[in-house]
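The values are calculated or read from the model by the stated rules, or taken from the named source; none is laboratory data. A quick note: this is a predicted structure, and the numbers were derived from the prediction, not measured. Please note: Cβ atoms are built from the backbone with ideal geometry, for glycine as well, and neighbour counts cover all protein chains shown.
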Amino acid sequence: MNPWSVDFCYLLLFIILLIIGIISVIMIIKNKHKQVSVRSSVVSLVTSSVLFSALTVFVASHPTYYKFNDWTIVGSNISMVQQKYGDFDLGAVTDNKAGKVAYYTYTDNGPIMPDHLKHYYYIEYDESGLINTVYDACQPGG
């Protein structure tokens, strides 16, 4: 899935949850003035707030690509990442040697200026196997 469509889904979910929260606040104020129970409006507000917070944490922890949690990958061992996400699509892990491996993420065929290149989630690790950096890029050589 291209990042622009994932970002559009994130934006749409943020807007929907924000609208639900605003409507809930309006209903709470309206029902308070009418001396009516505000329980359902409060539940709706709390639920939308929790979902909004969870979505915010998810987006913040997956900034490079939605399938990979950057917070847990950076600083962990390369063998643990390979065990969790499977074999790498580019590169191989060599013991006691720094290196770079990658997972295929998508081919950019988006509607706005697509490059039609394969994009990868690159992971750089040091001699001890600890991951230092993750990023999204195309394969060298196009």
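Of everything listed in (1) of a type in the set (Gly, Ala, Ser); (2) modelled with pLDDT under 95; (3) over 23 Å from Cys9 (Cα atoms); (4) surrounded by 13 or more Cβ atoms within 10 Å (Cβ to Cβ), the single unmet condition for Gly110 is (3).
Quick check: anything in segment 76-91 surrounded by 13 or more Cβ atoms within 10 Å (Cβ to Cβ), more than 22 Å from the chain's Cα centre (by Cα) and without any contact (Cβ under 8 Å) to a residue 40 or more places away in the chain? Within segment 76-91 (the criterion being surrounded by 13 or more Cβ atoms within 10 Å (Cβ to Cβ), more than 22 Å from the chain's Cα centre (by Cα) and without any contact (Cβ under 8 Å) to a residue 40 or more places away in the chain), the answer is yes, since at least one residue qualifies. Could you tell me whether any residue of segment 93-100 is in contact with a Phe, Trp or Tyr (Cβ under 8 Å, 6 or more places away or on another chain), modelled with pLDDT under 90 and not hydrophobic (A, V, I, L, M, F, W, C)? No - not one qualifying residue is present in segment 93-100.
Please find, among Ala54, Ala98, Ala137, the residue that is closer than 30 Å to Gly21 by Cβ and surrounded by fewer than 16 Cβ atoms within 10 Å (Cβ to Cβ).
Ala54
Conditions tested, residue by residue: (1) among the charged types (D, E, K, R); (2) closer than 24 Å to Ser61 by Cα; (3) not in a loop (DSSP other than H, G, I, E, B).
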position	(1), (2), (3)
Ala92	no, no, no
Asn96	no, no, no
Asn109	no, no, no
Ile112	no, no, no
Glu127	yes, no, no
Ile131	no, yes, yes
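The residues of segment 46-74 that are among the polar types (S, T, N, Q), in contact (Cβ under 8 Å) with a residue 24 or more places away in the chain and part of a loop (DSSP other than H, G, I, E, B) amount to a single one, Thr64.
Residues checked against (1) within 16 Å of Val134 (Cβ to Cβ); (2) under 18 Å from the mean Cα position of the chain (by Cα):
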| residue | (1), (2) |
| --- | --- |
| Asp7 | no, yes |
| Ile29 | no, no |
| Lys32 | no, no |
| Ser37 | no, no |
| Val74 | yes, yes |
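The condition of being of a type outside the set (Gly, Ala, Ser), free of Cβ contacts under 8 Å to residues at least 60 places away in the same chain, loosely packed, with under 14 Cβ neighbours inside 10 Å and in the same structural domain as Leu12 (by TED's automatic domain parsing) holds for only one of His116, His33, that being His33.
I'm trying to understand the selection: among the residues of segment 1-45, which are in a loop (DSSP other than H, G, I, E, B) and under 30 Å from Pro111 (Cα atoms)?
Hits for segment 1-45 are Met1, Asn2.
Checked against the criteria, Val81 counts as assigned by TED's automatic domain parsing to the domain that holds Gly129, in contact with a helix residue (DSSP H, G or I) (Cβ under 7 Å, 6 or more places away or on another chain), of a type in the set (A, V, I, L, M) and closer than 30 Å to Ala137 by Cα.
Against the condition farther than 22 Å from Pro140 by Cβ and either loosely packed, with under 14 Cβ neighbours inside 10 Å or not basic (Lys, Arg) (or both), how does Pro63 come out, does it pass?
yes
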